[in-house]
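Heads up: the structure comes next, in structure tokens.
The values are calculated or read from the model by the stated rules, or taken from the named source; none is laboratory data. Predicted model only: the values in this text are computed from it and were never measured. Reconstructed Cβ throughout: ideal geometry from the backbone, glycine too, with neighbour counts over all protein chains shown.
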Amino acid sequence: MNTPTLESSLAEIVGAKNILTESEDIIPYSFDGTAAIKRLPRAIVFPSDAQQISEILKLARSQTPPVPVVTRGSGTGLSGGSVPVEGALVVCLTKMNRVLELDTANLTLLAEAGAVTQEIYDAADKAGLFYPPDPGSMRVSTIGGNVAENAGGLRGLKYGVTRNYVMGMEVVLADGSVCWLGNKCVKDVAGYNLRDLFIGSEGTLGIITKVLLKLLPKPAARQTLLATYAQMDAAAATVSDIIASKIIPCTLEFLDRKTIRCVEDFAHAGLPLDAEAVLLIESDGHAAAVADEAAQIEEIARKHGATSVRRARDSAEAAQLATARRSAFSALARLRPTTILEDATVPRSELAHMVRFVEGVATRHALDIATFGHFGDGNLHPTILTDERNTDEMHRVEAAMREIFDEALRVGGTITGEHGVGLAKKKFLPAQLGDASYTLLKNIKRALDPDGLLNPGKIFD
Amino acid sequence: MQNLLKSLDYSVLQQCMHCGMCLPVCPTYAETKEERHGPRGRISLMRAIADGELEVTRAFGDEMYYCLGCLACTSACPAGVNYAELFETARAEVERRHVIKSTQRDFWRWSVVKVLFTRPRLLRLAGRGLWLWRVTGMQALTRALRLTYLLPRRLRELEPQAPRVGAKFSHQLIKPVETPSKKVARTFLSVPPSQTAVPFRRVAVLTGCVQDLAFPEINRATVDVLLANNCEVHTPPVQPCCGSLHAHNGDLESARTLARRLIDMIPPESFDAIISNAGGCGSHLRHYDHLLRDDPAYAARAVEWSRKLRDISEYLVEIDFRKPEARAVTQTVTYHESCHLCHGQKVSAQPRAVLRAIPGVELHECPEATWCCGSAGIYNITQPVTAGRLQDRKMANLRRAHAGIITTANPGCHLQIQNGLRAEKDTITEVAHPVVLLARAYAAERK
Ligand SMILES: Cc1cc2nc3c(=O)[nH]c(=O)nc-3n(C[C@H](O)[C@H](O)[C@H](O)COP(=O)(O)OP(=O)(O)OC[C@H]3O[C@@H](n4cnc5c(N)ncnc54)[C@H](O)[C@@H]3O)c2cc1C
Ligand code: SF4
Ligand code: SF4
């Protein structure tokens, strides 16, 4: 009798049509949304439930040597998290994409991890409820990927990030055991908060298969404003002043001149092409409160020299502006062949300084850098526009990135506000964590995944 | 000859930064949720070939033919990736390598694409045959006698879907040159000039192959609405195919030959605009500049041609067409966007503007108006299963609009929807081109 190959055993678990091994099938899984990183996996499997994943993990672990397993949602990650390790098995959850339950009595939603974020938003919306986290990639990314990266979004300022909405999850550990963490209780302090351990774990501690999410009532009204500036500093000052005036709008987004141009080229949203910077601001809540807040914001913007403040006429125009903002990163790809998006975040008081610093780095290293981001959160996305085939330029990119992160850390910031460490940032992590925390991180990994089966080489070596 | 994907300007491939923003709009990705069946995956395969990491294989060829070429990905892509060019180049390379072999396929390609669609007279002859077949009851007879079993399987499945060929072709309905009547000109001179297309213009109308065979009345209506807007309309009676089918199926050489013939027949210098009324043709016709850029004799004229090419609805809006006067018969109308009109030509608001201008028309939007109906050139021949699923999805969405008339501006979609209605045994709902409704409204004015 022939000994079964890994592939044939996998086919027995998930069915032959849910395993891909041909070159034409696996090449498209050799990358994610991160620029310039590419590695070929051995095979892709599409499981349909936690049980199958458990069997897959046991099988991968029983090989000599164990075959690494990389979990993948939609592959929109921007830190190389789902880029496979060479020869790895990719477990792709895009076919586990159902919304399982909408509990309007408890305001929760249960979905399979491969459900697309937008579909979760839509399901809640139909019931008059609201799922706030909205990463720019929400039409594509999966909820599992969002939880694994603790994704932020355009509404992070007022509503927080994915972590703030995860009440529970089902997760398969490296040894194949299936755990359920958390529940529908608003309060629960039984034991360590294990659920939180898996949020932002980037597929290194377990495979999330179901997510229980908290929903909010839908805000009654929304108002979107677009403020235009002739100077970057004026935009930054507006942001500080809004926060200092104890106003927390739901969205406070920033685009610089280069980004405005690329975005307008794609979205035709009527952005001012001659502006140095724009702020996209959204206020939501009760109609009266929104009207009041919008008026105050407009006044503050004008006080700081906004050349114009435009209010979206209706929800269609507001949606168009949000779409324009969401396309910022991809639209920048119009300028140069390779687009490297960074994710430095600083305390909000340091924003203006940081933006200026990035401009200085661009000049010093003769690089093209555009900046946009979630200004209200202090989360900047300096985006380096380059060409991966130009070795000399790529060295300068390397140096520039190092300077940006060093400065972010110096002023009390972080090397990533929302995209995760993955492959792209792991060399900067020790500097941020310091020895003891870095060791603690590694010990946790070792305790949960002693064989280093799950997404090895991500976050740290 | 070098691999075509390798000789492509590499930056076109590099433009894709694999962000995945195109995935939710891709109908084939929605079917399988596998990367290879989405734009990002397909581009990565093309790039792997250009980089010498992958051969042009049968599986690659199949993938390129599984792609609908609907170009929904190009509308969704913020990075501005030119998927249309990548796709045509990839298909051309697949053809050049002969990686997909099948006698049935060769028969189809040879007969449909090469022979029929490069010879307009032969195509009309075949069309006339089809028409005779239908009107003389031969169709019923062969079906009754089950003669269709003699046909190859694919052909047999298709037979009930074959277009109902019109009794007359465009050249029998349209004179080579038609001038706006004095009366027409006078009527609309009484309308305030800001609302009218008063200046005299000279335009050429392209009759298309399928449009000419199956829907000659759409061509007639196109001429009528142009006349009603003070255009002198030139419609050469025997026009070669525009080559869209060829380019779309990897035969770029034939596409170039046909483009040159059409440019010779309709010299772009002589017209204010060249009008197409079929989404698929228009999308290809607009890119003659690109197609012929390396042809020293034609490059400049092709640029002029592309500059003047307009979809009929687009042109009407551009010249600020005259709104027909009120004579309300309420009609509920919905609009299905042909992929190549909305994604290929970015003409989406204009057909709606034409419809809204018609007194009595109530436009009901249908969900997913831009989602492909499955027609996609000859996709319903090459990929009947997927095409069928897309057709079902489209019909369900159209139903949600509760409209008495479904409008669309591409003959492939038109047929696909008609066949969908027929399958549902719906004999009431009408399928029409927006300009047909506009032409009817102008005609009603004269009564
Ligand atoms: C255009 C664009 C805009 C973006 N905007 C934002 C933004 O505003 N905010 C933001 O935070 N991010 C943003 N991102 C980054 C990215 O979309 C998020 O990180 C997203 O959460 C990734 O989801 P995914 O399903 O694509 O996951 P993938 O990229 O497939 O995976 C990401 C990581 O999660 C792991 N993972 C995935 N699914 C699971 C699972 N079920 N269990 C365990 N581990 C899993 C993977 O192993 C990997 O490490 C953007 C990306 C793009 C391309
Ligand atoms: S084709 Fe465009 S939208 Fe799709 S992955 Fe590439 S860059 Fe992104
Ligand atoms: S052309 Fe249509 S089917 Fe092909 S990749 Fe683009 S969206 Fe998908």
Query raised in the report: Based on what the data block shows, is A:Gly373 touching an Asp or Glu at 6+ places or on another chain (Cβ under 9 Å), under 30 Å from A:Ala244 (Cα atoms) and without any contact (Cβ under 8 Å) to a residue 60 or more places away in the chain?
Result: no
Query raised in the report: In the stretch A:380-429, how many residues are of a type outside the set (D, E, K, R) and part of a helix (DSSP H, G or I)?
Result: 13
Query - Matching residues, the stretch A:102-120, being among the acidic types (Asp, Glu) and within 14 Å of chain B (Cβ to nearest Cβ) - result: A:Glu112, A:Glu119
Query raised in the report: Among the numbered criteria (1) in contact with a strand residue (DSSP E or B) (Cβ under 7 Å, 6 or more places away or on another chain); (2) of a type outside the set (Phe, Trp, Tyr); (3) not in a helix (DSSP H, G or I), which single criterion is violated by B:Ile358?
Result: (1)
Report summary line: Among B:Thr28, B:Thr89, the single one that is among the hydroxyl-bearing types (Ser, Thr, Tyr), more than 10 Å from chain A (Cβ to nearest Cβ) and within 22 Å of A:Gly33 (Cα to Cα) is B:Thr28
Query raised in the report: Quick check: is even one residue across the stretch B:27-36 within 15 Å of ligand 2 (Cβ to nearest atom), polar (S, T, N, Q) and more than 25 Å from B:Gly377 (Cα to Cα)?
Result: no
Report summary line: Just one listed residue, out of A:Ala236, A:Ala151, A:Ala244, is away from ligand 2 (no atom under 16 Å from the Cβ), in contact with a helix residue (DSSP H, G or I) (Cβ under 8 Å, 6 or more places away or on another chain) and assigned by TED's automatic domain parsing to the domain that holds A:Ala269, and it is A:Ala236
Requested in this report: Return a yes/no flag: does the stretch B:70-80 have any residue that is closer than 18 Å to A:Lys38 by Cβ and either part of a loop (DSSP other than H, G, I, E, B) or away from ligand 1 (no atom under 16 Å from the Cβ) (or both).
Outcome: yes
Query raised in the report: In the stretch A:83-110, which residues are more than 11 Å from ligand 1 (Cβ to nearest atom) and buried (at least 24 other Cβ atoms within 10 Å of the Cβ)?
Result: A:Leu89, A:Leu109
Query raised in the report: Is the stretch B:6-16 home to any residue that is surrounded by 21 or more Cβ atoms within 10 Å (Cβ to Cβ), within 9 Å of another protein chain (Cβ to nearest Cβ), in contact with a Phe, Trp or Tyr (Cβ under 9 Å, 6 or more places away or on another chain) and at pLDDT below 95?
Result: yes
Report summary line: Reported set for the stretch A:239-271 where residues are closer than 17 Å to A:Ala322 by Cβ and either away from chain B (no Cβ under 14 Å) or among the acidic types (Asp, Glu) (or both) is A:Pro249, A:Cys250, A:Thr251, A:Leu252, A:Glu253, A:Phe254, A:Glu264, A:Gly270
Query - Qualifying residues in the stretch A:185-212 (those that are acidic (Asp, Glu) and within 21 Å of the chain's Cα centre (by Cα)) - the one modelled with the lowest pLDDT - result: A:Asp196
Report task. Only residues that are outside any helix (DSSP H, G or I) and closer than 24 Å to A:Ala331 by Cα: list them for the stretch B:1-33, please. Result -> B:Leu8, B:Asp9, B:Gln15, B:Cys16, B:Met17, B:His18, B:Cys19, B:Gly20, B:Met21, B:Cys22, B:Cys26
Report task. Please indicate, with yes or no, whether at least one residue in the stretch B:80-95 is near ligand 3 (Cβ under 9 Å from one of its atoms), out of contact with any Cys (no Cβ under 8 Å at 6 or more places or on another chain) and either more than 17 Å from A:Pro337 (Cα to Cα) or assigned by TED's automatic domain parsing to the domain that holds B:Glu337 (or both). Result -> yes
Report summary line: Taking the stretch A:21-43 and keeping only residues that are within 11 Å of another protein chain (Cβ to nearest Cβ) and more than 18 Å from B:His18 (Cβ to Cβ), one is left with A:Glu22
Query raised in the report: Can you tell me how many residues in the stretch B:38-63 are more than 8 Å from chain A (Cβ to nearest Cβ), more than 9 Å from ligand 3 (Cβ to nearest atom) and part of a helix (DSSP H, G or I)?
Result: 7
Query raised in the report: Limited to the stretch A:181-210, what total is found for residues that are in contact (Cβ under 8 Å) with a residue 24 or more places away in the chain, in a strand (DSSP E or B) and more than 19 Å from A:Glu418 (Cα to Cα)?
Result: 5
Report task. Select from the stretch A:342-388 the residues that are within 14 Å of another protein chain (Cβ to nearest Cβ), over 12 Å from A:Ala400 (Cβ atoms) and surrounded by fewer than 24 Cβ atoms within 10 Å (Cβ to Cβ) and list them in ascending order. Result -> A:Asp387, A:Glu388
Query raised in the report: Does A:Asp125 qualify as being assigned to a loop (DSSP other than H, G, I, E, B) and over 24 Å from A:Ser79 (Cα atoms)?
Result: no
Query raised in the report: Quick check, is A:Gly80 touching an Asp or Glu at 6+ places or on another chain (Cβ under 7 Å), within 14 Å of chain B (Cβ to nearest Cβ) and crowded, with 24+ Cβ neighbours inside 10 Å?
Result: yes
Requested in this report: Evaluate the following for B:Arg256: is it assigned by TED's automatic domain parsing to the domain that holds B:Lys175, at pLDDT 85 or above and under 26 Å from B:Ile358 (Cα atoms)?
Outcome: no
Query raised in the report: So which residues in the stretch A:315-341 are part of a helix (DSSP H, G or I) and within 13 Å of chain B (Cβ to nearest Cβ)?
Result: A:Ala316, A:Thr323, A:Ala324, A:Arg325, A:Arg326, A:Ala328, A:Phe329, A:Ser330, A:Ala331, A:Leu332, A:Ala333, A:Arg334
Query raised in the report: Do we find that A:Ala400 is more than 22 Å from the chain's Cα centre (by Cα) and crowded, with 21+ Cβ neighbours inside 10 Å in this structure?
Result: yes
Query raised in the report: Between a first residue in the stretch A:128-151 that is at pLDDT below 95 and in a helix (DSSP H, G or I) and a second residue that is of a type outside the set (A, V, I, L, M) and near ligand 1 (Cβ under 8 Å from one of its atoms), which pairs have beta carbons less than 6 Å apart while being 6 or more apart in sequence or on different chains?
Result: none
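Condition check ((1) of a type outside the set (Val, Ile, Thr); (2) within 18 Å of the chain's Cα centre (by Cα)) across all residues:
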{"position": "B:Phe200", "(1), (2)": "yes, no"}
{"position": "B:Cys209", "(1), (2)": "yes, yes"}
{"position": "B:Val225", "(1), (2)": "no, no"}
{"position": "B:Arg260", "(1), (2)": "yes, no"}
{"position": "B:Pro267", "(1), (2)": "yes, no"}
